[in-house]
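The values are calculated or read from the model by the stated rules, or taken from the named source; none is laboratory data. No experiment lies behind these values; they were computed from the predicted model shown. We work out accessible area using only protein heavy atoms, side chains counted, and drop any ligands, DNA or RNA first. Shrake-Rupley method; radii C 1.70, N 1.55, O 1.52, S 1.80 Å.
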Amino acid sequence: MADILFVLTGSDVWTLNDGTKHPTGFWAEEAVVPYQAFTAAGHRVTVATPGGVVPVADRASLTDPGITGALEAIDEFRRPRVLAEVDPADYDAVFYPGGHGPMEDLAVDADSGRLLTAALASGRPLGVVCHGPAALLAARTEDGGSPFAGYRLTGFTNAEETQAGLAERAPWLLQDRLVALGADFEEGEPWAPHSVVDRNLVTGQNPASSALVAAGLLDRLSA
């Protein structure tokens with residue numbers, strides 16, 4: 001049995017480039033599907049958020065009754081730990097779901113950045129999906145660079161943000177920022193399942209990729 005840390009956004013808004021607060025949170029499918037995969041395999045999940053805020057699911061992600069019902073039954077999402085108090089060494093794997101929320105808080109959260117840097121360096125499985133890779137922007141090496149520079153990865157693409165109708169209003173685009181930090185961004189077809197694995201880092205492009213990321217983490221936990 002492994003202990004897996006879920007790091008979720010604590011934000012329920014995303015500030016757009018005109019100052020508008022766009023309602024958001026975490027994307028339910030990206031949290032529920034991996035949670036079900038991990039617990040079905042016998043593993044334990046602990047949830048942490050900035051400040052220990054109870055995370056909010058993006059209402060747009062609650063259209064599937066199966067996902068909504070499953071989310072309501074998961075107690076861990078209602079009693080998160082304070083992210084700043086979490087030691088990644090206590091966990092066998094770390095997982096970051098997406099939603100636009102991470103674009104607001106985790107992208108600039110130093111505690112999350114330190115955790116990601118330590119998790120990557122540990123060699124333990126690290127999974128990140130959709131907008132979750134926004135959190136990678138806060139990770140820094142001692143010389144001020146990104147520990148994720150040179151890694152092959154994916155995340156929500158510019159094409160998907162455009163098709164979702166938010167690209168023109170976004171203060172920045174995730175794909176652009178990941179490329180700028182030196183990552184080797186691999187773009188799949190919009191909305192199709194796509195996952196990239198490089199060493200202990202497993203990333204997924206969009207909500208449809210969450211099961212692939214979960215499977216990648218499970219493979220590494222059993223190796």
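For this structure, a couple of remarks:
- Accessible surface, per residue, of region 70-223 when the full set of protein chains is kept, probe 1.4 Å, Å²: 40 Å²
- Gaussian network model of the chain, Cα within-10 Å springs - most flexible of GLY66, GLY98, GLY144: GLY144
- 3J(HN,Hα) from dihedral phi, region 162-169, Karplus parametrisation 6.51/-1.76/1.60, rounded to Hz, x for glycine, proline: 5, 5, 6, x, 10, 4, 5, 9
- Spherically averaged projected area of the chain from its Cα convex hull (nm²): 10.9 nm²
- Taking all pairs of distinct alpha-carbon atoms in region 63-127, Kirkwood radius in angstrom: 13.6 Å
- Centre separation in Å (Cα based) which lies between region 62-102 and region 157-208: 21 Å
- The translational diffusion coefficient of region 1-90, from Stokes-Einstein at 4 °C and 1.567 mPa s with a Kirkwood hydrodynamic radius over alpha carbon pairs, comes to 93 µm²/s.
- Classification of region 97-223 by its C-alpha gyration tensor yields an oblate form. The axis ratio a/c (a ≥ b ≥ c) is 1.5 or more, and b/c is at least a/b.
- Largest accessible area first, the residues HIS22, HIS131 order themselves as HIS22, HIS131 under a 1.4 Å probe with ligands, DNA and RNA left out.
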